[in-house]
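The values are calculated or read from the model by the stated rules, or taken from the named source; none is laboratory data. Note that the structure is predicted; figures quoted are calculated from it, not measured. Virtual Cβ from ideal backbone geometry, glycine too; neighbours counted across all protein chains shown.
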Amino acid sequence: MTDTKTLTTTTGAPVPDNRNSWTAGERGPILLSEYQFIEKLAHQNRERIPDDGKRQRLFSNIAAAMGGIPKEIEDRQLVHFDHVRPIYGNGVRRALAAASGAERPAISLMQETPQQAAE
């Protein structure tokens, strides 16, 4: 009896070949039927949460890149950051404020419903 480990998918099915994939042509894209390979890539595609120093450097770099853009575009981009993760929107907002010396309040580009406008 051999004591070798069998590579399996997340559902427990054995994977016969972990190193080769079917492609569309000699240099074409990998086929979607290669679910084992796609599953393998999915395990590598996880978000890494940066430490505070790296996060602050990211915010500063974004603020520097956003320097000189029109206010409307800046506001829209900040809303996008807020949707991704509020801490990112706030961090970029603080970095922009530090770069320009002015406070930037949180904004929303969502339109009010008639019911909200009446209140």
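Observations
- Residue pairs whose Cβ atoms lie under 7 Å apart, separated by 6 or more positions or on different chains, with the first residue in segment 27-38 and of a type in the set (Phe, Trp, Tyr) and the second surrounded by 13 or more Cβ atoms within 10 Å (Cβ to Cβ) and assigned to a loop (DSSP other than H, G, I, E, B), are Phe37/Ser21.
- Within segment 42-51, considering residues that are loosely packed, with under 10 Cβ neighbours inside 10 Å and either among the hydrophobic types (A, V, I, L, M, F, W, C) or outside any helix (DSSP H, G or I) (or both), the one farthest from the chain's Cα centre (by Cα): Asp51
Okay, residues lined up against (1) closer than 29 Å to Thr4 by Cα; (2) touching a helix residue (DSSP H, G or I) at 6+ places or on another chain (Cβ under 8 Å); (3) not assigned by TED's automatic domain parsing to the domain that holds Thr4:
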position: Gln36; (1), (2), (3): yes, no, no
position: Gln56; (1), (2), (3): no, yes, yes
position: Ser60; (1), (2), (3): no, yes, yes
position: Glu72; (1), (2), (3): no, no, yes
position: Asp75; (1), (2), (3): no, no, yes
position: Leu78; (1), (2), (3): no, yes, yes
position: Tyr88; (1), (2), (3): no, yes, yes
position: Gly91; (1), (2), (3): no, yes, yes
position: Leu96; (1), (2), (3): no, yes, yes
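- Enumeration of residues in segment 9-41 that are part of a loop (DSSP other than H, G, I, E, B), of a type in the set (A, V, I, L, M) and touching a strand residue (DSSP E or B) at 6+ places or on another chain (Cβ under 9 Å): Val15, Ala24, Leu31
- Residues in segment 52-78 that are of a type in the set (A, V, I, L, M, F, W, C), over 13 Å from Ala98 (Cα atoms) and either touching a residue at least 40 places away in the same chain (Cβ under 8 Å) or part of a helix (DSSP H, G or I) (or both): Leu58, Ala65, Ile73, Leu78.
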